[in-house]
Amino acid sequence: MEACNCVEPQWPADELLMKYQYISDFFIALAYFSIPLELIYFVKKSAVFPYRWVLVQFGAFIVLCGATHLINLWTFSMHSKTVAIVMTTAKVLTAVVSCATALMLVHIIPDLLSVKTRELFLKNKAAELDREMGLIRTQEETGRHVRMLTHEIRSTLDRHTILKTTLVELGRTLALEECALWMPTRTGLELQLSYTLRQQNPVGYTVPIHLPVINQVFSSNRALKISPNSPVARMRPLAGKHMPGEVVAVRVPLLHLSNFQINDWPELSTKRYALMVLMLPSDSARQWHVHELELVEVVADQVAVALSHAAILEESMRARDLLMEQNIALDLARREAETAIRARNDFLAVMNHEMRTPMHAIIALSSLLQETELTPEQRLMVETILKSSHLLATLINDVLDLSRLEDGSLQLEIATFNLHSVFREVHNLIKPVASVKKLSVSLNLAADLPVQAVGDEKRLMQIVLNVVGNAVKFSKEGSISITAFVAKSESLRDFRAPEFFPVQSDNHFYLRVQVKDSGSGINQQDIPKLFTKFAQTQSLATRNSGGSGLGLAICKRFVNLMEGHIWIESEGPGKGCTAIFIVKLGFAERSNESKLPFVTKVQANHVQTNFPGLKVLVMDDNGVSRSVTKGLLVHLGCDVTTVSSIDEFLHVISQEHKVVFMDVCMPGIDGYELAARIHEKFTKRHERPVLVALTGNIDKMTKENCMRVGMDGVILKPVSVDKMRSVLSELLEHRVLFEAM
């Protein structure tokens, strides 16, 4: 065995101790080798660790330390020089790495300390974020409460429920000791305690509205802290020595509805507010937070909106109820008016028929009497009877016309007619009356005045006759001139009637008629009264002239129907008058209006005077009227048969009868059905007699019904000898005659 060059130990080795060291070095090496593996895993998994190179140095240091301990396992026994060299090298490397690592720690420690500072900064930031999150959660909670409160107060439109709900929800949400609402009084000079959270029935305590604290709150749209000792904060007495909690107040805008309109949006008043006061619990260190004040402000705005909706609803319901009451009253008044109009029309219709029947007898018999041998005194009496009877008949017509004009049932009957003939006929009718008073009447028709026109001939003649008749009535001497011409644009407008707006066109023209007289004249202030029904001027001439006061009133309404205008000019009493009217007529050659079956009036010299042997059948239930009509026809030479019932009528009628006069408005007898049965009995026109309705009913429906059942004419009572003579001539010549109504 070769000798060992190793240094011998100074003390002998203890085998047991050597065994323990051997085992310890093994486990130390094993631990040292495992730690770098763990560091390598940590560096690989960590993406943010900033000192990877330091960990590499620590790993090398630990590996070398482990290597020295591992090499020591071979130094506990005899070992070679190679082992000694390896051991030495390992320890040198370990020393170098250890020193390098120690030096590096000098530079790393400040960085590690700054990491600690950042950690504290991050902790502070985290705490601040926690606080902000808490504030956000608080704001979210506040918003949730606002939404819940808004839903509660918007779920009703009752003002008292809105206000009471607001106080209850605010008290619950903010844990208030008291919450109250001060409302302005009717005068607007005081605030009254109207609603509180804790008291069921507020005492109604009032404070002046001009207090500085109230002005301060009303001048701001924010919730303001006020003194607990303020008059509006003393909502109830404090028991004992409790310290009152903090109090805030906020204004609540109120809607001003003095100018409320159903179809308009009301305006918010800038000077009318309620005051909401909120108090925290007494003897509490709690203070108002910003988010709580914001909640109060939002709630105040929501309450204002809800109150405005409630106020609008209340006012609209009040207006609706008022409108319903007015509509009910108007409907009742309308029905009463319609009932009254129907009653009046029924009365007038009955009176018209009943009055025309005796008038028919008076005028017919008077006209028959006039054609007999009479003394001058007797003839004057008969003429007076006839004149009075015709005046009464005219009055009846005027009253009926006025009634129909007022209820709107009268309509114009448009047809083509001879315009010049209308004026000539009026002239011929007026001349004999005027000659008695020694008045001259002149007629001037312009050269450009159309001969044919389209319009209501009867109503136009009625207007002209009324106006000219008035001129004759109020003139004692002098002259009367009638002028008619087509109105030019410059002469259409009248400054006294700004509502009259004539419009020219190619299909129509405006007829202007002027009737000038040298009569009694009239005061300027009396002119407007002339067109009022039953009105008369107070001059002596007027009082002596008689009249019902209906003529011009009816003329004005007829003129209005014809889209025209009428007025009177006079320089004063004793200076005469000029009556002027303008009416709208159509051009005959340019109009497509259908012509109604009216025939042109037969001139007097073409009328047959007698009708010997003409067989006529008369049916009338009224014995007097039947006898009068028979007397007229017998006087004209006719062979007359009279009947009073349908059965008798159907039994008597034959082809020998050329003309049949029948009253279609007899009680219990349908004259229209009878006319239809005659058409069935006589199918051929030349075999059928001329069917004429002789009636006292002048409504338009009567004429339309007669035309519908095929009757050949309608004649209105009363009928004189001359009128009957003219009627028979027309019927025999044209087999048709519908008198205008």
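Since every read-out is calculated from the coordinates, none of them should be taken as a lab result. It should be emphasised that the depicted structure is a prediction, and the values quoted were computed from it without experimental measurement. Cβ: placed from backbone, ideal geometry, glycine included. Neighbour counts: every protein chain shown.
Using a simple spin-label model with pseudo-atoms 7 Å out from Cα toward Cβ, T683 and L30 lie 14.4 nm apart.
For V634 and N345, what is the calculated FRET efficiency with R₀ set at 41 Å and r taken between the beta-carbons, to the nearest 0.05?
Values: r = 37 Å, r/R0 = 0.90.
Given R0 = 41 Å and the Cβ-Cβ separation, E is 0.65.
Can you give the FRET efficiency for K123 and R222, using 1/(1 + (r/R0)^6), R0 = 41 Å, r = Cβ-Cβ distance, to the nearest 0.05? Write down the numbers at each step before the final one.
Values: r = 37 Å, r/R0 = 0.90.
Calculated value: 0.65.
Annotation note: trypsin sites (Lys or Arg not before Pro) in the range 443-492 located in DSSP loop regions with a Cβ neighbour count of at most 16 within 10 Å are K476, K488. Across all directions, the shadow cast by the convex hull of the range 615-740 built on its C-alpha atoms averages 6.9 square nanometres.
Given the peptides 376-385, 419-428, 520-529, arrange them by the average over their residues of other C-beta atoms within 10 Å, most packed first. Walk me through the numbers before you get to the answer.
Working: 376-385: 12.7, 419-428: 17.8, 520-529: 15.5.
Descending mean neighbour count gives 419-428, 520-529, 376-385.
Cross-link pairs exceeding 18 Å between alpha carbons, from the set K431/K473; K615/K717; K476/K575; K437/K516; K438/K723: K615/K717; K438/K723. Annotation for D506 and V652: the two label points, set 7 Å from Cα along the Cα-Cβ direction, are 5.9 nm apart.
Loop-resident trypsin sites (Lys or Arg not before Pro) (DSSP state other than H, G, I, E or B) in the range 677-733 with no more than 11 further Cβ atoms inside 10 Å of their Cβ: K684, R685. Here, the range 607-671 has an Rg and a Dmax of 11.9, 37 Å when only alpha carbons are counted.
Highest average first, the peptides 325-336, 354-365, 178-189 ordered by how many other beta carbon atoms sit within 10 Å of their residues are 354-365, 178-189, 325-336.
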